[in-house]
Every structure is written in structure tokens, then in C-alpha cells.
Amino acid sequence: MYYADIKQYDVANGPGVRVSLFVSGCTHHCKNCFNEVAWDFHYGNEFTEREIETILHDLSPNYVKGLTLLGGEPLEHANQQGLLPLLRRVHETYPTKDIWCFTGYDFDRDVKGRMMKDWPETKELFSYIDVLVDGKFVEALKSVALRFKGSSNQRTIDVKRSLECGETVLMEGF
Ligand code: SF4
């Protein structure tokens, strides 16, 4: 897996101060994408053990609330494979910090309906992810009033509650 950037103090992509990882590679190709360079799966630098250690270090202060995954597309299969070792370590080291993930895929149709059935990584990955912001960015539905979202079709999903009850549960206040 390759990545475009790691932000140590990010307040724009989830609540509180967060560490954000922008992975490379995205097949959605949304019109007016905010980050077109990251469509290329080899954009930026290779994600290695060194980057895992950097992220674990950056997450260590008490005021850092959690980790955010975005891109690019974190849920492309190659990126799920690349993210799994990181998420295992983050969950093991900081079980109380939360993990947010932004995806252009649909939680019901793509994640539960296809990825969890076809790919061995997806269920474990989603046992570590707390919140998923799903859906492609749609220019016609763009709104600057939305919190941590670009367009009104996107949803902020409480992953744990959704998987427990079998229905998609949205996060309150988002
Ligand atoms: S999913 Fe995100 S990164 Fe991918 S094309 Fe759409 S806006 Fe760009």
C-alpha cells in the first residue's frame, strides 16, 4: 500500500484532534474529487513498519482522540490488506481511541453485501473501525454546512451498533 500523507494534528476529519492517514488509490473517480492525485495506487510513499510506528507515536498524547483513514479509497481491497496490520496495532495499543474511515463505497450494498462476503480482511477491519462516513461525493448535493462530509447523500455511520443490530445506525449529532 502507498499513502499520500500523514497529518499529525488534524481537526477537519472527525471530532477532536486526530492523526489522519491519506492512502493512495481510488477507483471511484468522482466528478470534482478533492484529491485527484490519490487515484493512483502508487502515488506518494510506500506504507511500511516505519509509518506504523510514526502513527502509533503520534497517537500517544492524551489529547489525540483517534485515527482517521481517508484517501484515496481506504476500502479498495489492496488498501484493506495494507491497513489491517496498522489497525491491529492501533487497537491493541490504544483500545479507547476511536477510528474513523471515509469511503466512497456504500456500507449496506458494498461493505456488508459484497466485501464482507468476498474478502477475508473486511470483517476484521470493521471490528476496529468505529465510524464510517460512506457514499461518493456528489457535486450537486454539496453543502458546506455538513459536519465532516462533502455532500448530503453521505452518511456518518455508527459501525459497532450497526453490526450488532443488523440495521444501519447513524451517529447522533453528525
Ligand atoms: S471517493 Fe474520494 S478520493 Fe475517490 S474519487 Fe471520490 S472524492 Fe475522490
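We did not get these values from a lab; they are worked out from the coordinates using the rules stated. Everything quoted here is computed from the prediction, not taken from an experiment. Neighbour counts are summed over all protein chains in view; Cβ atoms, including those assigned to glycine, are modelled from backbone coordinates with ideal geometry.
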(request) Evaluate the Kirkwood expression for the hydrodynamic radius of the chain, namely the inverse of the mean inverse distance over all pairs of different C-alpha atoms, and round to one decimal in Å. (result) 16.2
(message) Counting only pairs 8 or more residues apart or on different chains, how many lysine pairs in the chain have their Cα atoms under 12 Å apart?
(response) 6
(request) Would you kindly give the portion of the calculated P(r) for segment 98-174 that falls above 19 Å, as a percent of all Cα pairs? (result) 33
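For segment 1-45, which chymotrypsin sites (Phe, Trp or Tyr not before Pro) pass both filters: DSSP loop (anything but H, G, I, E, B) and at most 13 other C-beta atoms within 10 Å?
F34
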(request) Fewest Cβ neighbours within 10 Å first, please rank S143, S24, S60 accordingly. (result) S143, S60, S24
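For segment 28-128, what percent of Cα pairs sit more than 23 Å apart?
Cα-Cα pairs of segment 28-128 separated by over 23 Å account for 30 percent.
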(message) Can you pull out the trypsin sites (Lys or Arg not before Pro) in segment 97-170 whose DSSP state is coil and whose Cβ has at most 13 other Cβ atoms within 10 Å?
(response) R147
(message) Using Stokes-Einstein with the Kirkwood hydrodynamic radius over Cα pairs, what translational diffusion coefficient do you get for segment 1-49 at 4 °C and a viscosity of 1.567 mPa s, in µm²/s rounded to a whole number?
(response) 111
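Using the crude model of +1 on Lys and Arg Cβ and -1 on Asp and Glu Cβ, and no other charge, please compute the dipole size for the chain relative to its Cα centre, in debye to 20. Mind dumping the intermediate values first?
Working: 20 positive and 26 negative charges, 86 e Å.
Taking the Cα centre of the chain as origin, the dipole is about 420 debye.
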